[in-house]
Each structure stands twice: as structure tokens, then as C-alpha cells.
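Provided herewith is a single structure, encoded as C-alpha cells, for subsequent inquiry.
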Amino acid sequence: MSHLFGPVPSRRLGRSLGVDLVPPKTCTYDCLYCEVGPTTHLTKKRRAFEAAAIIRELQDYLRDSETTLDYLTITGSGEPTLNLDLKDIVATIRDLTTTPVAILTNGSLLYLPEVRRDLAQSQVILPSLDAAREETYRAINRPVPGLTLEKLVFGLKALRREFAGQIWLEVLLLKGLNDTEAELTGLRRLIREIAPDKVQLNTAVRPVVEDAAQPLTTAEMAAVAAFLGEGVEVIAGFDRSPAARKSINDADFLETLARRPMTARDLAQMMGLPLDQVEKRLARLQAAGLITRDFYHQEGFYRG
């Protein structure tokens with residue numbers, strides 16, 4: 001299985017090539033809202049995961065691709081900081097390209113000094129904070145035993161003191177779980193203490209693990225942004241013109257949809273293809289039983 005995916009249209013990072021550092025679904029959390037699916041290997045133990053293969057794929061891609069990238073994003077099918085070779089992989093990327101490195105992390109292991117050191121050579125770190133109370137943290141993120149909200153906040157504050165790059169903190173809001181006045185007041189206090197460069201609000205816009213993870217409306221998201229204060233933004237949709245791709249085959253569609261559910265419009269933008277062409281390809285793959293289509297809040301999502 002390839003360790004690279006995309007480039008994908010990211011609402012936060014523009015056109016981004018994803019680098020998957022852990023097997024699916026290896027994570028410290030089993031979040032209610034995860035679009036990748038339920039966690040099958042819940043762990044906080046770091047170990048090596050195929051660094052040589054990941055580096056070879058990166059070398060091949062960056063040598064042969066003509067696609068312009070906004071970011072090279074370490075992310076994927078679980079928590080990337082679980083990979084003990086993270087520091088070496090980031091260093092290799094920095095040697096291979098001038099494209100900035102972003103790391104998407106749930107932040108759960110940032111309390112460990114060695115994890116913060118492993119992230120130091122990236123340009124942007126995008127950690128998460130979804131709760132201001134322990135019980136809410138456990139209800140939404142469902143962490144592996146041994147992880148706590150206190151450790152998460154400690155790690156985020158330590159990262160802010162030590163990291164020279166940008167920190168963009170994501171807060172994912174779920175109706176009835178972390179959108180109450182008490183929760184948001186606590187989040188506002190923690191955000192001020194952590195002092196990230198950006199705060200980006202998200203909600204459950206893709207299919208989720210549990211039905212309890214319900215999204216906020218556009219108006220509700222805007223109201224929360226205003227309540228949390230200056231520097232808080234609701235993540236906008238990706239609206240950039242796609243770069244043309246030379247050749248797209250069924251395997252490209254299946255590989256992408258095996259990682260996360262996407263709409264036909266998402267795929268068209270990511271792959272640089274006309275929407276009607278993508279819809280025809282998806283219909284054929286669905287008829288062959290290779291993919292499925294589910295509706296989430298009146299929008300069709302395809303998955304492998």
C-alpha cells in the first residue's frame with residue numbers, strides 16, 4: 001500500500017500531498033467524529049513504521065511529479081507522532097524539497113519532550129483541542145488509557161514555548177457535546193493560555209464513526225468564532241482551480257477512497273478532472289461493487 005496520497009484539496013492547507021506514517025487505523029484516540037473510521041489499534045506506544053519505504057516513495061514522487069504543492073502534509077490513517085522515525089522523515093523531506101512541511105496531529109503525545117523535538121524541523125504544526133473539561137475530552141476523543149486532557153494542554157503549551165514555526169490549533173465542534181457556553185468559555189481560556197498563531201474551527205462535515213457526532217450549522221459556527229475572539233476562523237471550503245493530472249486510472253480512485261470518504265466534487269478538484277467525468281467513473285466503480293456511496297447530511301460520499 002502506498003504511503004503517499006493526493007495531492008488532495010485541503011480546506012486548511014490548499015493543495016497538499018499527504019504522507020501516511022502509520023498503518024490504518026493506529027491512533028492514540030478513537031474519536032467520535034473521525035472520517036477515517038473506528039480505531040483498530042488504540043495505543044500510545046511509539047515504534048518504527050516503514051521509514052525506508054516512505055522515504056523511497058517521497059524521493060520517487062518529488063523527482064517525477066510536476067504538480068505544484070502548497071504543503072507536504074504528514075498525516076494519514078492515524079496519529080503520525082506514533083512513528084519513531086518521524087524526525088528522520090521530516091529531515092529527509094526538508095532535504096528533498098522547498099515545499100513547506102505541515103504536521104497534522106491530535107496533540108496527545110506532545111507532553112513528551114522527544115515528540116516535540118521530532119516536530120521541530122517542520123514549518124507548521126496543526127494540533128487539536130476539542131474540549132476544556134476532562135469528561136468532554138473523554139467523551140469526544142476517547143483516548144487510550146494513560147492520556148488525559150491535562151497532558152494534552154501541557155504539551156500544547158510546551159510546544160508553543162519551544163517551536164519556532166506556526167501553530168494552527170483546530171477545534172472540532174459537535175452539537176450538544178462541546179458547543180455549550182460552559183465548554184466554550186473553558187476553550188476560550190485555554191486558547192488564550194496556549195496562544196496559537198491561528199485557531200481554526202471545524203465540525204463534522206464528513207461521515208463520522210458515531211451518530212452522536214452531529215455538526216453545527218454555518219451560523220452556529222460563526223457565532224462560536226465570534227465568542228472565542230480575535231484570530232479565530234471557521235475553516236473555508238477549498239476553492240482553488242485544480243492542477244491538471246496527466247493520467248488517472250481506477251487504482252487512483254480506489255486508493256484515495258480507501259483512505260477517507262470523499263464527494264465527487266472533492267475528487268474532481270483533487271484530480272483535476274471534469275466533474276461529469278468523475279461522476280461517470282464513480283458510477284462504474286460503484287456498479288462493479290468496488291466502492292460504496294453513503295449520504296451524510298444530504299451529500300453523497302464515496303468510500304472504498
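Please determine whether any residue of the range 89-99 is more than 22 Å from L172 (Cα to Cα), free of Cβ contacts under 8 Å to residues at least 24 places away in the same chain and surrounded by fewer than 16 Cβ atoms within 10 Å (Cβ to Cβ).
For the range 89-99, residues more than 22 Å from L172 (Cα to Cα), free of Cβ contacts under 8 Å to residues at least 24 places away in the same chain and surrounded by fewer than 16 Cβ atoms within 10 Å (Cβ to Cβ): present.
Now a separate question. Out of all the residues in the range 13-23, is one or more closer than 18 Å to E255 by Cβ, in a loop (DSSP other than H, G, I, E, B), open to solvent by less than 20 Å² (accessible area, probe 1.4 Å) and touching a His at 6+ places or on another chain (Cβ under 8 Å)?
yes
Of the residues that sit in the range 184-219 and are out of contact with any Leu (no Cβ under 8 Å at 6 or more places or on another chain) and more than 28 Å from R293 (Cβ to Cβ), which one is surrounded by the fewest Cβ atoms within 10 Å (Cβ to Cβ)?
Among those residues, the one meeting the criterion is A219.
Based on this model, can you work out whether S77 counts as in contact with a strand residue (DSSP E or B) (Cβ under 8 Å, 6 or more places away or on another chain), closer than 30 Å to D294 by Cβ, crowded, with 23+ Cβ neighbours inside 10 Å and at pLDDT below 90?
Yes: the conditions hold for S77.
Quick one: V144 ticks every box in (1) crowded, with 16+ Cβ neighbours inside 10 Å; (2) in contact with a strand residue (DSSP E or B) (Cβ under 6 Å, 6 or more places away or on another chain); (3) under 20 Å from I235 (Cβ atoms) bar one, so which box is it?
Unmet for V144, out of (1) crowded, with 16+ Cβ neighbours inside 10 Å; (2) in contact with a strand residue (DSSP E or B) (Cβ under 6 Å, 6 or more places away or on another chain); (3) under 20 Å from I235 (Cβ atoms): (3).
Out of the residues in the range 158-175 that are in contact with a Pro (Cβ under 8 Å, 6 or more places away or on another chain), in contact (Cβ under 8 Å) with a residue 60 or more places away in the chain and under 14 Å from L126 (Cα atoms), state the one that is surrounded by the fewest Cβ atoms within 10 Å (Cβ to Cβ).
Taking the candidates together, the pick is W168.
Oh, and also: May I ask you to list the residues in the range 68-122 that are of a type in the set (S, T, Y), farther than 19 Å from Q166 by Cβ and touching a helix residue (DSSP H, G or I) at 6+ places or on another chain (Cβ under 7 Å)?
S77, T92, S108, Y111
Can you confirm whether L42 is of a type outside the set (S, T, Y), modelled with pLDDT of 85 or more and open to solvent by less than 10 Å² (accessible area, probe 1.4 Å)?
no
The values are calculated or read from the model by the stated rules, or taken from the named source; none is laboratory data. Values in this document were obtained by computation on a predicted structure and should not be read as measured data. All Cβ positions, glycine included, derive from the backbone under ideal geometry; neighbour counts span all protein chains shown. Surface areas here come from the heavy atoms of the whole protein model, side chains and all, with no ligands, DNA or RNA. Shrake-Rupley method; radii C 1.70, N 1.55, O 1.52, S 1.80 Å.
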